[in-house]
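The values are calculated or read from the model by the stated rules, or taken from the named source; none is laboratory data. If you're wondering where the values come from, they're calculated on a predicted model, not measured in any experiment. Cβ: placed from backbone, ideal geometry, glycine included. Neighbour counts: every protein chain shown.
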Amino acid sequence: MTKNINNKSKTSRHLIWLSVSEAASLGGVNDKTIRRALKDINSGLVFKIVKNRYQIELLSLIKYLHINTKLKNKFIQFGLGQFVKEWKE
């Protein structure tokens, strides 16, 4: 019986962790906006604390920036979104 090795690679993700300032730069928003979202338990941001510094997961940051029209517009105009032609839903 052979074991399918590809199954494991499909389920595991390589996460990208960002600092607060990197997240703000990529999002096209201010550091304060990111810090407010970290305090809000319902924001959906996935983060961890390493050596008293927040590390924010990139995918959760992008999802957070798409929940609000104002944040989405900032993301598309000033952040990473300006380099993406069309977003997949």
All positions within the range 26-46 that are closer than 22 Å to Q82 by Cα and part of a loop (DSSP other than H, G, I, E, B): G28, V29, N30, L45
Being modelled with pLDDT of 90 or more, out of contact with any Asp or Glu (no Cβ under 9 Å at 6 or more places or on another chain), in a helix (DSSP H, G or I) and not aromatic (F, W, Y), is that true of even one residue in the range 12-22? yes
What do you reckon, is I49 modelled with pLDDT under 90 and over 30 Å from E86 (Cβ atoms)? no
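Here's the yes/no breakdown for (1) touching a helix residue (DSSP H, G or I) at 6+ places or on another chain (Cβ under 6 Å); (2) touching a residue at least 60 places away in the same chain (Cβ under 8 Å); (3) closer than 18 Å to L38 by Cα:
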| position | (1), (2), (3) |
| --- | --- |
| E57 | no, no, yes |
| S60 | no, no, yes |
| K63 | no, no, yes |
| H66 | yes, no, yes |
| T69 | no, no, no |
| F75 | yes, no, yes |
| L80 | yes, no, no |
| K85 | no, no, no |
